[in-house]
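The block underneath contains the structure these notes are about, expressed in structure tokens.
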Amino acid sequence: MRKRLRKKRHREYLSTVCAYVVTFDDGLRDRLLRSEPGSPFEIDGSCSPGMRRLIQGNRLRYWVTVARKVGPAAAAVVYWAEEFPSVRDEAVIFSAADLGLTDLLAQKRQEHTQV
């Protein structure tokens with residue numbers, strides 16, 4: 001695929017992939033919140049089979065790092081395409097406990113395992 005089209009594909013899926021994964025991958029979000037600013041983590045989509053297929057099927061490679069700590073369990077993160085570092089975006093993440101979602105997440109996991 002031509003470089004221009006690959007860049008367009010990365011830009012098209014950047015927010016979809018990165019925002020989804022950083023929001024729903026509890027392990028990645030916890031690692032990010034415990035990490036020091038500047039420590040990059042690869043986004044592999046392991047939180048969802050559909051997201052993993054999207055990433056691998058389109059040969060997308062994204063990374064995320066903490067840009068700055070906003071609070072004890074909150075951080076501003078930057079995510080970018082590995083092949084095109086200029087394709088990037090920012091977001092603020094919080095721990096599920098800070099948002100009062102730990103009980104809701106536990107309930108959803110239990111429902112998911114029962115299905």
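The values are calculated or read from the model by the stated rules, or taken from the named source; none is laboratory data. Note that the structure is a prediction, hence the values are computed from the model and not measured. Don't worry about glycine lacking a Cβ; one is built from the backbone with ideal geometry, like all the others, and counts go over all protein chains shown. Calculation scope for accessible area: heavy atoms of the full protein, side chains included, ligands and nucleic acids excluded. Shrake-Rupley method; radii C 1.70, N 1.55, O 1.52, S 1.80 Å.
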| 222 nm [θ] for the chain, helices only, -39500 (n - 2.57) per DSSP H run of 4+, per residue, to 500? | -14500 deg cm²/dmol
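Sum up the charges of everything whose Cβ sits under 10 Å from the Cβ of residue 61, counting Lys and Arg as +1 and Asp and Glu as -1, but leave residue 61 out.
Numbers: positive: 59; negative: 42, 44, 82, 83.
Overall, the nearby charge balance is -3.
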| Label corresponding to volume of the Cα convex hull per residue in Å³ when calculated from the structure given, among (1) 93; (2) 127; (3) 167 | (1)
| note | Carbon plus sulfur, as percent of the 1.4 Å-probe accessible area of the chain, comes to 52
| task | Express in Å², to the nearest 10, the accessible area of residue 69 obtained by rolling a 1.4 Å probe over the protein heavy atoms while all chains stay in place. | result | 80
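Just to confirm, what accessible area per residue do you get for the chain at 1.4 Å probe, in whole Å²? Working shown, then result.
On the way: 7260 Å² over 115 residues.
Heavy-atom accessible area per residue stands at 63 Å².
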